[in-house]
Each structure stands twice: as C-alpha cells, then as structure tokens.
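Colleague: Starting off with a structure, shown below.
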Amino acid sequence: MSDASETERRTRTDYNSLNTDVMQWISALAALLGLYLVASPFLLESTDAAVWNDTLIGTAIFLTAGYNFYRLSKDRLASVGVASLTVLLGLWALVSPSFIDMGGNALATGTAISGLLVAALAAYNAYANNKADTPERARARA
C-alpha cells in the first residue's frame, strides 16, 4: 500500500472501525427472533395463514441474520445487502398482523414486536457495516 493511500485511510472521518464481536451478538439476536417467529404459531393460537407467514418469514430472517453472523465470525464485514433484506423481512413481520388473520392477539402482538426488533437490529447492522472500514480484529488470527 502506498504512503498516500495509507495516510488517506487514516485521515478519513466517514469510516470507523467495527467491533465484530458486538455485531455478531446483534446478528445472533436477530436470528433467534427469527426462530421465535417460526415456533410461535405452533405454541400460540393461530390460523393456517399465520403459520405459513410466520414460518416463512421467520426462516428467512434466521437464514439472513445467520449468514451475517457467519461472515462476522470469520472477521469479515456483514453484508449490507443481506442486512437490508433482513430489515424488509422484519418490517413485513411488523405489519403482517394488519393484513393476515393471526388467530389470536398474543400471536399478532408477538409477531409485530419481533418484526420491530428484527428491523431495528438489522438496520443498525447495515448502517454500522456500511460505515465500517475494516474489523478491529481483522488479520489478528492466523
């Protein structure tokens, strides 16, 4: 790397280092919320549409958040595109009780709250990884 690009890299203020351990926990929490969405229609009163909705959306959230968890565990930045997709899935989970008969108030509330939390966690994940330059622990492991 040349001296000019190294100096530019150190002086840029729009990028910062990223603690990948914290981001891993955020991705793991979003993935666990996806698993809750998968399990909740089987534990609470639900309709067939609610079972399909929560199972498909929960599985997609689990897979996308899990993918970013995996990337972060390998000292790579999380995928901003995948985190953004997770945000959209969380927003659908937030509003889906308004469009789909959930069969019970507990399931509708749980789905909406889970969606809100997933959307917030994934949005922060996307934002932080978009602003990050390199992980703090990058190349620390052999």
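The values are calculated or read from the model by the stated rules, or taken from the named source; none is laboratory data. All values reported here derive from a predicted model rather than from experimental measurement. Quick reminder, even Gly has a Cβ in these numbers, built from the backbone with ideal geometry, and neighbours come from all protein chains shown.
Colleague: Is it the case that residue 64 is β-branched (Val, Ile, Thr), within 27 Å of residue 21 (Cβ to Cβ) and buried (at least 17 other Cβ atoms within 10 Å of the Cβ)?
Modeller: yes
Colleague: Let me ask something else about it. What are the residue pairs meeting all of these: first residue in segment 77-101, first residue closer than 17 Å to residue 66 by Cβ and without any contact (Cβ under 8 Å) to a residue 40 or more places away in the chain, second residue among the charged types (D, E, K, R) and buried (at least 22 other Cβ atoms within 10 Å of the Cβ), Cβ atoms under 9 Å, and 6 or more apart or on different chains?
Modeller: none
Colleague: Another question, if that's okay. Give the residue, chosen from 77, 72, 89, that is modelled with pLDDT of 95 or more and not in a strand (DSSP E or B). Spell out the reasoning first.
Modeller: Working: 77 fails: modelled with pLDDT of 95 or more; 72 fails: modelled with pLDDT of 95 or more.
Result: 89 is the single residue among 77, 72, 89 that is modelled with pLDDT of 95 or more and not in a strand (DSSP E or B).
Colleague: Right, another one. Which one of 119, 128, 83, 112 is surrounded by 19 or more Cβ atoms within 10 Å (Cβ to Cβ), at pLDDT 95 or above and part of a helix (DSSP H, G or I)? Can you show your working first?
Modeller: On the way: 128 fails: at pLDDT 95 or above; 83 fails: at pLDDT 95 or above; 112 fails: surrounded by 19 or more Cβ atoms within 10 Å (Cβ to Cβ).
After applying the criteria, what remains is 119.
Colleague: Sticking with this one: Quick check on this structure: which one of 107, 72, 89 is touching a helix residue (DSSP H, G or I) at 6+ places or on another chain (Cβ under 8 Å), more than 19 Å from residue 29 (Cβ to Cβ) and surrounded by 21 or more Cβ atoms within 10 Å (Cβ to Cβ)? Steps first, answer last, please.
Modeller: Numbers: 72 fails: more than 19 Å from residue 29 (Cβ to Cβ); 89 fails: more than 19 Å from residue 29 (Cβ to Cβ).
It is 107.
Colleague: Also, I was wondering about something else. If you go through segment 122-130 one residue at a time, do you hit one that is out of contact with any strand residue (DSSP E or B) (no Cβ under 8 Å at 6 or more places or on another chain) and free of Cβ contacts under 8 Å to residues at least 12 places away in the same chain?
Modeller: yes
Quick grid of which residues meet (1) modelled with pLDDT of 85 or more; (2) loosely packed, with under 10 Cβ neighbours inside 10 Å; (3) in a helix (DSSP H, G or I); (4) not hydroxyl-bearing (Ser, Thr, Tyr):
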site: 1; (1), (2), (3), (4): no, yes, no, yes
site: 5; (1), (2), (3), (4): no, yes, yes, no
site: 8; (1), (2), (3), (4): no, no, yes, yes
site: 14; (1), (2), (3), (4): no, yes, no, yes
site: 27; (1), (2), (3), (4): yes, no, yes, no
site: 35; (1), (2), (3), (4): yes, no, yes, yes
site: 39; (1), (2), (3), (4): yes, no, yes, yes
